[in-house]
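The values are calculated or read from the model by the stated rules, or taken from the named source; none is laboratory data. Just so it is clear, the structure is predicted and the values come from calculations on it, not from any experiment. Positions of Cβ are backbone-derived with ideal geometry, glycine not excepted, and every protein chain shown enters the neighbour counts. Heavy atoms of the whole protein, side chains included, go into the accessibility calculation; ligands, DNA and RNA do not. Shrake-Rupley method; radii C 1.70, N 1.55, O 1.52, S 1.80 Å.
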Amino acid sequence: PPPALPSADLAQKDPVAYIRAKAQYDAHLQQYQHQQYSIQSVQEQTRAAEQAAMSANLEVQAAELMQRIPEFANPETAAKAKARLVSVGKEYGFSDSELMGVTDARTVQVLNDAAKWRELQARTAEAKKTPDATRTVIPAARRPEPAQLARSKVVEAAKKSGRLEDWAAAILK
């Protein structure tokens, strides 16, 4: 705490004690001011270090973002992508200040995935709404019978008729 100034009453009662107290006050005030200056300089150094660290982190995150989402590498597409992500963030209830305070590339990637998901859902819903009246079904050509099925039919026919020619045909097939 700052030192207290000696009272004016002391100057009236004991001028010598007042002068001593005033000298002591001046010395303590000088120490206090030096101490406050030291604290302020340390705080400024801390703020500068935090700013430098934050700037370095932003650069790293920006580079990572460009790798994760290539749209952000091109300045023309980055503006559109940013606007899209802000609108999606607002749809989820984020405020402008919260969205502008995002500094992590992973968070931006999550917003990007959410935006793509919503676009996909909108396209799917649109596709389901349009009827497929123009769609026609073309009948498929009849498939040939498998060889095993044909052989079993010939054997059955030979069993029913009992004729020697039918059995010969069944054996040859």
Legend entry - Protein accessible area in the range 1-113, 1.4 Å probe - carbon and sulfur %: 56 percent
Inset, instruction - Note the full-extension length gain between Thr46 and Tyr32 as 0.36 nm times their separation in residues minus their Cα-Cα distance, in nm to one decimal. - result: 2.9 nm
Legend entry - Reachable lysines, given that their alpha-carbon falls under 29 Å from the alpha-carbon of Lys160 and they are not under 8 places away in the same chain: Lys173
Inset, instruction - Go through 100-110, 146-156 and give me the packing order, highest mean Cβ count within 10 Å leading. - result: 100-110, 146-156
Legend entry - Sum of -39500 (n - 2.57) over DSSP H runs of 4+, divided by residues of the chain (222 nm, nearest 500): -26000 deg cm²/dmol
Inset, instruction - State, in angstrom, two size descriptors of the chain derived from its alpha carbons: Rg to one decimal place and Dmax to the nearest whole number. - result: 44.4, 151
Legend entry - Three-way shape call for the range 56-135 based on the alpha-carbon gyration tensor, with the a/c threshold at 1.5: prolate
Legend entry - Inter-part distance where the range 67-87 and the range 7-29 are each reduced to a Cα centre, Å: 69 Å
Legend entry - Extended-chain gain in nm, criterion 0.36 nm per residue less alpha-carbon gap, Arg163 and Ala8: 41.4 nm
Inset, instruction - Skip the ligands, DNA and RNA, and give the accessible area per residue of the chain with a 1.4 Å probe, whole Å². - result: 82 Å²
Legend entry - chymotrypsin sites (Phe, Trp or Tyr not before Pro) within the range 1-99: DSSP coil, no more than 13 neighbouring Cβ in 10 Å: Tyr92
Inset, instruction - Output the pairs from Lys82/Lys116; Lys80/Lys128; Lys90/Lys128 with a Cα-Cα distance over 23 Å in this structure; if there are none, say none. - result: Lys80/Lys128; Lys90/Lys128
